[in-house]
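What follows is a single structure, written as structure tokens, with notes after it.
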Amino acid sequence: MASVLVVEDDALLAYALAGNLKDVGYRVIGPAPNLAAANRLLADNKVDIACLDVRLGESETSVPLAESLAALGIPFLFLTAYPVAYLPIDMRDRPKLDKPYEPEVLIDRLSELLQAAARKS
């Protein structure tokens, strides 16, 4: 099954998300609590798709990582409780799932994104 990069700074949420993904057969990369860790994981692993918490700690966002993923053609899903206006204009049309979310909805969205990416390639 596909590999999912998980970027989430809240440890409880990160491990719950990772567990949900593993339960349905995804290979989980991470979780990464910050940009530096996420960039290392991206460089060292084959990533098929990513789940990105928008706000990482007090001063970081996952937007630079999202830009890198987009440039590489790797689909991603923002996971956030913040409104879409929090994102830069060029990221506002990207897939987003509002926290809190149902694990089943997350799994469905990831599957849809992977299928769309497969049709493009």
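The values are calculated or read from the model by the stated rules, or taken from the named source; none is laboratory data. Keep in mind it's a predicted model, so treat the numbers as computed, not measured. Cβ coordinates were reconstructed from backbone atoms using ideal geometry, including for glycine residues, and neighbour counts include every protein chain displayed.
Picking from 50, 11, which residue would you name as being out of contact with any His (no Cβ under 7 Å at 6 or more places or on another chain), farther than 17 Å from residue 107 by Cα and at pLDDT 95 or above?
11
Inside segment 67-113, can you point out the residues that are of a type in the set (Asp, Glu) and closer than 22 Å to residue 20 by Cα?
Once the filter is applied, which keeps residues that are of a type in the set (Asp, Glu) and closer than 22 Å to residue 20 by Cα, segment 67-113 yields 98, 102, 104, 108, 112.
Kindly indicate the residue of segment 89-121 that is surrounded by fewer than 12 Cβ atoms within 10 Å (Cβ to Cβ) and outside any helix (DSSP H, G or I) and also modelled with the lowest pLDDT among those meeting that condition.
121
Mind checking whether some residue in segment 23-34 is farther than 21 Å from residue 2 by Cα, of a type in the set (Gly, Ala, Ser) and touching a strand residue (DSSP E or B) at 6+ places or on another chain (Cβ under 8 Å)?
No - not one qualifying residue is present in segment 23-34.
Looking at this structure, is residue 79 touching a residue at least 40 places away in the same chain (Cβ under 8 Å) and either surrounded by 13 or more Cβ atoms within 10 Å (Cβ to Cβ) or within 13 Å of the chain's Cα centre (by Cα) (or both)?
Details: touching a residue at least 40 places away in the same chain (Cβ under 8 Å): yes; either surrounded by 13 or more Cβ atoms within 10 Å (Cβ to Cβ) or within 13 Å of the chain's Cα centre (by Cα) (or both): yes.
Considered against the rule, which asks whether it is touching a residue at least 40 places away in the same chain (Cβ under 8 Å) and either surrounded by 13 or more Cβ atoms within 10 Å (Cβ to Cβ) or within 13 Å of the chain's Cα centre (by Cα) (or both), residue 79 comes out as yes.
Considering only residues that are in contact with a helix residue (DSSP H, G or I) (Cβ under 9 Å, 6 or more places away or on another chain) and in contact (Cβ under 8 Å) with a residue 40 or more places away in the chain, which ones fall in segment 24-50?
24, 26, 47, 48, 49, 50
Here is a check on your reading of the model: is residue 64 at pLDDT 95 or above, buried (at least 18 other Cβ atoms within 10 Å of the Cβ) and at negative phi?
No, not satisfied.
With 10, 53, 44, 48 as the choices, which residue is over 16 Å from residue 103 (Cα atoms) and in contact with an Asp or Glu (Cβ under 9 Å, 6 or more places away or on another chain)? Walk me through how you get there before you give the answer.
Numbers: 53 fails: over 16 Å from residue 103 (Cα atoms); 44 fails: in contact with an Asp or Glu (Cβ under 9 Å, 6 or more places away or on another chain); 48 fails: in contact with an Asp or Glu (Cβ under 9 Å, 6 or more places away or on another chain).
Just a single option satisfies the conditions, and that option is 10.
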